[in-house]
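One structure is given below, encoded as structure tokens.
The values are calculated or read from the model by the stated rules, or taken from the named source; none is laboratory data. Please read all numbers here as calculations on a predicted model, not as lab measurements. Methodologically, a virtual Cβ is constructed for each residue, glycine included, from the backbone with ideal geometry; neighbour enumeration extends over all protein chains shown. SASA here: full protein model, heavy atoms, side chains in, ligands and nucleic acids out. Shrake-Rupley method; radii C 1.70, N 1.55, O 1.52, S 1.80 Å.
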Amino acid sequence: MAAPYDLNDDSVVVVIGSGAGGGTLGPELAKKGIDTVILEAGGRHEIEDFSNDEWGMFGQISWLDKRTTSGSWRVAKDFSGLPAWIVKAVGGSTVHWAGASLRFQEHEFRGLTEYGDVPGANLLDWPITLKEMEPYYDRAEDMMGVTRTHNIPGLPGNNNFKVMKAGADKLGYKECHTGRMAINSEPRDGRGSCQQIGFCFQGCKSGAKWSPLYTEIPEGEDTGKLEVRANAQVIKIEHDDSGKVSGVVYADKDGNQHRQKARAVCLAGNSFESPRLLLNSASSMFPDGLGNSSGQVGKNYMRHMTGSVYAVFDKPVNMYRGTTMAGIIQDESVNDPSRGFVGGYEMETLSLGLPFMGAFLDPGAWGRSFTGAMDMYDHMAGMWLVGEDMPQESNAVTLHPTEKDQFGMPVPNVHFDDHPNDVAMRNHAYQQGSAVYDAVGATRTFPTPPYPSTHNLGTNRMSAKARDGVVDKWGKSHDVPNLFVSDGSVFTTGASENPTLTIVSLAIRQADYIADQMSKGNL
Amino acid sequence: MRVLDKREKVSRRGFLKRSGAAAVGLIGLSAGAGMVTGPNGAWALEVKNLKPETMATLIQMARDIYPHDRLSDKYYVAAVSGYDAQAGDDAGVKDMIEGGIGALDTMAMAQHGVGYMKVGWEEDRVALLKQIEDGGFFQTIRGGLVVSIYNNPEVWPLFGYEGASAEKGGYIARGFDDIDWL
């Protein structure tokens, strides 16, 4: 039974957001006996509400509140009001994530040391190491049921993977398999195995894919120590005269505002809303935004170097059948500057249904070059390219000077320019991705530009020194002792791996820390 | 491997019967008296708010933007027919479309001596569209079409796309890994 907490109960920990970060942290705290309230801006849509309908689900669960864009990135031109494709619902973007669950590599925690002083980049080493993270990665993989860990077999390869694998073998790539996926390859944890439905991005109809919406959140609610309040969009974090956080103001689905008091606040609203909330919570004591004495709140926005390669063959592939992203080539995910860039990238299978392929194959394109490709839809194979991008201080989430949301709060503007290293990496990835398909007889390949960002990172970054970032190695604000950040915005650098496993691992680690500090009377 | 039959299942003549349209028009679209009809009367559309000539030109424009030779006109008609009702609800939409098509016809007349619909080669019509592709009218029409054409479940089988699969048990027993030519 879910616990209802009073608005004036100042003993609760308030978690803002219920995705990979908040949806892990909240239940972890509750299981430790800590009274926890999760405030989720979106609604609660259970598995029975999902449909295999790309545009229908997009309209139902996406974060579509007003945002603006600037900078030279192509997303600002193709999707000027939609810089990110993320979810506004209980479970957050774990509802639509693909399931790829990869650990960061040792060198990726030491970006500045490993890559050196890259001009224009604002690189920094993480204040934690892979060794410190390993026990938490292990717990996260067990909790999420990641394939190829904990003796869980890999998923079977679908048609799209088989094309990738044949090309990888011909090119001599060694690390190609069906991935480490938080999708059950066999029944586990009360959930069945993958039925190869496809539509991983539209919410998993079988529940084989991990999402706290139907895993940790109900378990947390069953403890009686967790309340998940949906349709509760936090618009301001408040503090007392001593500079400690005292509560939050949120708007319910009717726009009525409420004040929930709190013992501590953990911010997990993804890399746009988390810095936006800190900036919108400026006060006379924190004139540049809450926890922003460094000036780094909202800065160093990273979105991964991304792109896709689709290829057409003379025979059918039917790539849309089966698990969307159960296929990976990892050979390029190394730091080998002889390729003309630092950091590395992964190649992962990807398919879109016909409706999304029309919108995303080459956004804005029309005419016979485009429709000739669409005519070959069932003969296509596809892969996503995801690599480490360079943090740049000028890539930033800021408050729009004039545009306001439905609650009167300034909307976020997202500014992004590719770093020359990102461009060099993308060109290399396009070349290698095309080569994979050419090796098995592609008749045409398409270097497809980035989609609206699904991996949003870095805007409240972790740093050893307070002047370099926003939070410490535990995700605790450098400025405010009972304010935490618990999402991907704490990433110091982006690494080449999909971020969810690391967000979940950090949240498990943070829950341990919070409980420890409470038991010692420090929080 | 299991492959789909991508042929259209409904005959054009069958569609004609169901739509109740008279067999008029010989080449291309024809318009008049509140009706837009396809060649050989393959389809007919009643318009109430836009000029029939405007709707006929819009349908041709839709095909020129996303030309799929295996798609019969009815899918392009379906993709733009909603603009007639929108034009009735919103004078701004009506002005945008009538104005946009009017300007396109004026350009065609100046460069080819005939209206857009009568310009014979697709290549020449596309050259006209290229001149307006950065404008609001073209972008609105194109942005609407990319959803209304490819999100129409009736066209999915023609591209070999099967749509929703959860209700059918996914593809675990229906060919997720049946590729046989590698």
| request: For region A:401-429, name all the residues that are in a helix (DSSP H, G or I) and either open to solvent by 40 Å² or more (accessible area, probe 1.4 Å) or within 14 Å of chain B (Cβ to nearest Cβ) (or both). | output: A:Pro420, A:Val423, A:Asn427
| request: Spot the failing condition for A:Asp362; the list is (1) part of a loop (DSSP other than H, G, I, E, B); (2) farther than 30 Å from A:Gly327 by Cβ; (3) more than 10 Å from every other protein chain (Cβ to nearest Cβ), and only one is missed. | output: (2)
| In the set A:Arg74, A:Arg110, A:Arg148, which member is in contact with a strand residue (DSSP E or B) (Cβ under 6 Å, 6 or more places away or on another chain) and among the charged types (D, E, K, R)? | A:Arg110
| remark: A:Arg259: passes all of (1) open to solvent by 40 Å² or more (accessible area, probe 1.4 Å); (2) assigned to a helix (DSSP H, G or I) but (2)
| field | Criterion violated by A:Val118 - all others in (1) assigned to a loop (DSSP other than H, G, I, E, B); (2) within 14 Å of chain B (Cβ to nearest Cβ); (3) not charged (D, E, K, R) satisfied | value | (2)
| note | Here the residues within region A:156-177 that are of a type outside the set (D, E, K, R) and open to solvent by 10 Å² or more (accessible area, probe 1.4 Å) are A:Pro156, A:Gly157, A:Phe161, A:Ala166, A:Leu171, A:Gly172, A:Tyr173, A:Cys176, A:His177
| Selection from region B:1-50 of residues that are modelled with pLDDT of 85 or more and loosely packed, with under 11 Cβ neighbours inside 10 Å | B:Asp5, B:Arg7, B:Lys48
| message | I'd like the full set of residues that are modelled with pLDDT of 95 or more, among the hydroxyl-bearing types (Ser, Thr, Tyr) and in contact with an Asp or Glu (Cβ under 9 Å, 6 or more places away or on another chain), limited to region B:66-121. | response | B:Tyr75, B:Tyr116
| remark: The helices (runs of 4 or more DSSP H) lying wholly within region B:104-182 that contain at least 3 residues that are open to solvent by 60 Å² or more (accessible area, probe 1.4 Å) are B:122-132
| remark: Among the residues of region B:83-97, the number that are under 21 Å from B:Asp64 (Cα atoms) and open to solvent by 40 Å² or more (accessible area, probe 1.4 Å) is 1
| Can you tell which of A:Val386, A:Val334, A:Val317, A:Val342 is within 11 Å of another protein chain (Cβ to nearest Cβ) and of a type in the set (Val, Ile, Thr)? | A:Val317
| task | Say whether the condition of being in contact with a helix residue (DSSP H, G or I) (Cβ under 8 Å, 6 or more places away or on another chain), modelled with pLDDT of 95 or more and under 22 Å from B:Ser165 (Cβ atoms) is met by at least one residue in region A:332-341. | result | no
| task | Would you mind telling me which numbered condition in (1) within 14 Å of chain B (Cβ to nearest Cβ); (2) buried (at least 19 other Cβ atoms within 10 Å of the Cβ); (3) assigned to a helix (DSSP H, G or I) A:Leu352 fails? | result | (3)
| message | Can you find a residue that is out of contact with any Cys (no Cβ under 8 Å at 6 or more places or on another chain), over 30 Å from A:Val75 (Cα atoms) and open to solvent by 10 Å² or more (accessible area, probe 1.4 Å) anywhere in region A:482-494? | response | no
| Do we find that A:Arg461 is open to solvent by less than 40 Å² (accessible area, probe 1.4 Å) and among the basic types (Lys, Arg) in this structure? | yes
| request: Run down A:Asp125, A:Asp142, A:Asp189 and say which single residue is free of Cβ contacts under 8 Å to residues at least 12 places away in the same chain and either surrounded by fewer than 20 Cβ atoms within 10 Å (Cβ to Cβ) or out of contact with any strand residue (DSSP E or B) (no Cβ under 6 Å at 6 or more places or on another chain) (or both). | output: A:Asp142
| Residue check: is A:Ser333 of a type in the set (Ser, Thr, Tyr) and open to solvent by 20 Å² or more (accessible area, probe 1.4 Å)? | no
| request: Look at B:Arg125 and say whether it is of a type in the set (Lys, Arg), within 10 Å of chain A (Cβ to nearest Cβ) and within 30 Å of B:Leu29 (Cα to Cα). | output: no
| field | Residue list for region A:215-235, filter: more than 15 Å from A:Leu25 (Cβ to Cβ) and out of contact with any strand residue (DSSP E or B) (no Cβ under 8 Å at 6 or more places or on another chain) | value | A:Pro218, A:Asp222, A:Gly224
